[in-house]
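Okay, structure first, notes after.
The values are calculated or read from the model by the stated rules, or taken from the named source; none is laboratory data. Computed from a prediction, not measured in an experiment: that's the story for all the values here. Positions of Cβ are generated from backbone atoms using ideal geometry, with glycine treated the same way; all protein chains shown enter the neighbour counts. Side chains included, ligands, DNA and RNA excluded: accessible areas come from the protein's heavy atoms. Shrake-Rupley method; radii C 1.70, N 1.55, O 1.52, S 1.80 Å.
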Amino acid sequence: MTSPIHLAAWKALSEHRKEIDATSIQQIFDTQPSRIQDCTINAAGWTLDFSKNRATSKTFSLLTQLAQEAEIESLRDKMFQGERINATENRSVLHTALRASHAQNSLVIDNSNVLAEVRSTLKQMEKFVWQLQSGQWRGYSNKKITDVVSIGIGGSYLGPKVVTEALKPYAQNTISVHYIANIDGSDITEKLKKLNPDTTLFIVSSKSFGTLETLYNANASREWFLRNGGPEEQIHKHFAAVSSNVKKAVEFGISEENIFPMWDWVGGRYSLWSAIGLPIAVSVGMENFRSLLEGAHEMDTHFKTAPLTENLPAIMGLLGIWYCNFYGAQSHVLIPYDHYLRALPAHIQQLDMESNGKANLQDGSHVETDTGPIIWGGSGTNGQHAYHQLLHQGTRLVPVDFIAPLTTHNPVNDHHLQLFANCVSQSQALMVGKTLAQAENELQQSGATKDEIEKIAPHKVIAGNRPSNTLLTNKLTPFTVGSLIALYEHKTFVQGAVWGINSFDQWGVELGKVLGTDIAQRLNSNSDDSELDSSTQALIKAFKDAQA
Ligand code: F6P
């Protein structure tokens, strides 16, 4: 995979960037009467309106050419077929197999049919969820389980947590699901405060069963269980695990039949569709979990079959490249206008930044382009009273994804109408802005003096011409939540493929882990730290002094 800057389309886009500067988004609308029809696509329960972008028909055709020259379709097909496209870890990338349709029976990797394994795991999950929800599963004192605590971090935490929150209207309310991730003892202390050991079951979710935070929290949970009356020989009734490291999970004390498999062909941040999603299923039931998978599968099918010009993940990915590489945009913001999706930006941040925060091409050479942008965001309308100021008047270009369901699970007076009105008006305001003449006129109408107008009007000018996408769905359901997350997975794939990086490894997080172990040893001993830099020495000393 070579650097995309040598592709003809990349060079043409650089030239095109200069000519498009003379045209605003509003002018594009004026010259393209069918703009909204041309720039609206439906897939898997979502409608994407990408009309409010600094992109003409020529831009889109050059971006499509870029995708073709970068051969993203062939890489996509290799991914779906299970080729080892994660070259640095020599692994297939098959999260799509976790949600494959039942029409497909076989996908053989290393002599084993991964689809058979996926389906048998789903059956195992089904039984487990049913036992918990029906009350058949009993704790050591023969009481029903009322609370499930998922212990995991990173991909083994964020995706399931975000989906559990997103699907709260579908919660069966038989079992409360909680998540513990941080090694900060305050997290586990606060979560366990309200729980009883005899009615609590822990799911330790760790692909490796070797992650520091998860092991610490799993051990602390076991201690809490034993300290509060739980018998050692009954631990198996209160602990389950999801891991590819069965040996370590068994050593921890979890019985083999309560260990759900994970595979090396599923990356952590792509794993909510596997048994890592078990807490989701415990919360919303297996039927809804299957519907989540179906939504993701429908987006997979769309991604696999729709032409690039009508392909949601491709269009969103390519527009992102347009802003990132040709406008120098450093970040991308996601703004869901839905309370249940308020944590979605955090999951997409992990998904995108751990995937595309890379500086090496597949062949190991340094990239010649910027890669993954900073992903951030939060729910509307809250953000309007916080960071939207920067979106409207700041010096940086920040492309926006607005995400909104058209109907609400919780009708309260006309709250939903107001919520939606704000979503639409934000994208409108970003595009149209406010001219100096408008600002002056506004001030004049409000009775301001000439001096006041002169002084204040420039501050009220809003440049406009700021790009956004709007994603709409009729209703937030397990299906549409599944397809939405799959959409962002594939958008991330498209960008990584164009940049020529490996979106599926994460070597960057390793150094911090190694150094963390070293510092922990120093904090715990009378170490000679003189070979360390003076800042690190001072920080270690501050900690030791405080403990003393
Ligand atoms: O440190 C990063 C990471 O390896 C993620 O990629 C992964 O999702 C997370 O840690 C947790 O890993 P595990 O599931 O093995 O505990």
Could you work out the local net charge near Pro231, counting Lys and Arg as +1, Asp and Glu as -1, over the other residues with Cβ closer than 11 Å to its Cβ?
-2
In terms of Cα to Cα distance under 19 Å, which lysines are near enough to Lys304, apart from those fewer than 8 places away along the same chain?
Lys78, Lys491
Where does the charge balance sit around Ala346 when Lys and Arg score +1, Asp and Glu -1, over other residues with C-beta under 13 Å from its C-beta?
0
By how many nm would the segment from Ser176 to Glu71 lengthen if fully extended, with 0.36 nm per residue of separation less the alpha-carbon distance?
33.2 nm
Rounded to the nearest 0.05, what FRET efficiency do Gln389 and Asp38 give with R0 = 51 Å and r taken as the Cβ-Cβ distance? Could you check?
0.95
Compute the length gained on full extension between His459 and Lys168: take 0.36 nm times their separation in residues and subtract their Cα-Cα distance, giving the result in nm to one decimal.
100.5 nm
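Per residue, how much accessible area does the chain show when a 1.4 Å probe rolls over the protein heavy atoms, in square angstrom?
Values: 24240 Å² over 548 residues.
Averaged over the residues of the chain, the accessible area is 44 Å².
Beyond a 26 Å Cα-Cα separation, which of these cross-linked pairs lie in this structure: Lys143/Lys193; Lys191/Lys358; Lys123/Lys191? It would help to have the intermediate numbers written out before the result.
On the way: Lys143/Lys193 19 Å; Lys191/Lys358 35 Å; Lys123/Lys191 30 Å.
Where the Cα-Cα span goes over 26 Å, the pairs concerned are Lys191/Lys358; Lys123/Lys191.
Using r as the Cβ-Cβ distance of Glu89 and Arg396, and R0 as 45 Å, what FRET efficiency do you calculate, to the nearest 0.05?
E between Glu89 and Arg396, to the nearest 0.05, is 0.85.
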Would you mind computing, in nm to one decimal, how far apart the modelled labels at Lys18 and Asp451 are, each placed 7 Å from Cα along Cα→Cβ?
4.8 nm
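Can you give the helix-only mean residue ellipticity at 222 nm for the chain, where every DSSP H stretch with n ≥ 4 adds -39500 (n - 2.57) and the sum goes over all residues, rounded to the nearest 500 deg cm²/dmol?
Details: 21 runs with 261 residues, N = 548.
Counting only the DSSP helices, I get -15000 deg cm²/dmol.
Between their Cα atoms, which of Lys144/Lys168; Lys144/Lys247; Lys194/Lys237 are more than 27 Å away from each other? Spell out each step's value before the answer.
Numbers: Lys144/Lys168 22 Å; Lys144/Lys247 29 Å; Lys194/Lys237 20 Å.
Pairs exceeding 27 Å: Lys144/Lys247.
So what's the net charge close to Ala314: Lys and Arg +1, Asp and Glu -1, counting the other residues with Cβ under 12 Å from its Cβ? If you can, show how the numbers build up before the last one.
Values: positive: Arg76, Lys304, Lys491; negative: Glu73, Glu310.
The answer is +1.
State the percentage of accessible surface on the range 343-451 attributable to carbon and sulfur atoms; use a 1.4 Å probe and exclude ligands, DNA and RNA. Let's see the in-between values first.
Values: 2920 of 5570 Å².
Using a 1.4 Å probe with all protein chains present, the range 343-451 comes out at 52 percent carbon and sulfur.
Once you order the gyration tensor axes a ≥ b ≥ c over the Cα atoms, which shape class does the range 31-79 get: rounded for a/c under 1.5, otherwise prolate or oblate by comparing a/b with b/c? Please list the in-between numbers first.
Details: a/c = 3.56, a/b = 1.44, b/c = 2.47.
Here the range 31-79 falls in the oblate category.
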I want to check the label-to-label distance for Leu406 and Ile540. Put each point 7 Å from Cα in the C-beta direction and report it in nm to one decimal.
6.2 nm
Aspartates and glutamates whose Cα lies under 14 Å from that of Lys52, excluding same-chain neighbours fewer than 8 positions away:
Asp30, Asp38, Asp401
Can you say what percent of the DSSP beta bridges in the chain, counting only those with both residues inside, are antiparallel? Round to 5.
30 percent
Within the range 261-293: backbone nitrogen closer than 20 Å to the Ser112 label point (7 Å, Cα to C-beta):
261-278
In whole percent, the fraction of accessible protein surface over the range 89-181 that belongs to carbon or sulfur atoms, probe radius 1.4 Å, stands at 46 percent
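What does the extension gain come out to for Lys247 and Asn219, with contour length at 0.36 nm per residue minus their alpha carbon separation? Write down the numbers at each step before the final one.
Details: separation 28, 0.36 × 28 = 10.08 nm, distance 1.62 nm.
Between Lys247 and Asn219, full extension yields an extra 8.5 nm.
Ala548 to Thr381: FRET efficiency via 1/(1 + (r/R0)^6), r the Cβ-Cβ distance, R0 41 Å, to the nearest 0.05? Before the final figure, lay out each step's value.
On the way: r = 49 Å, r/R0 = 1.19.
Once the sixth-power term is evaluated, E becomes 0.25.
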Simple SL model, points at 7 angstrom along Cα→Cβ for Glu256 and Ser525; separation in nm is 3.8 nm
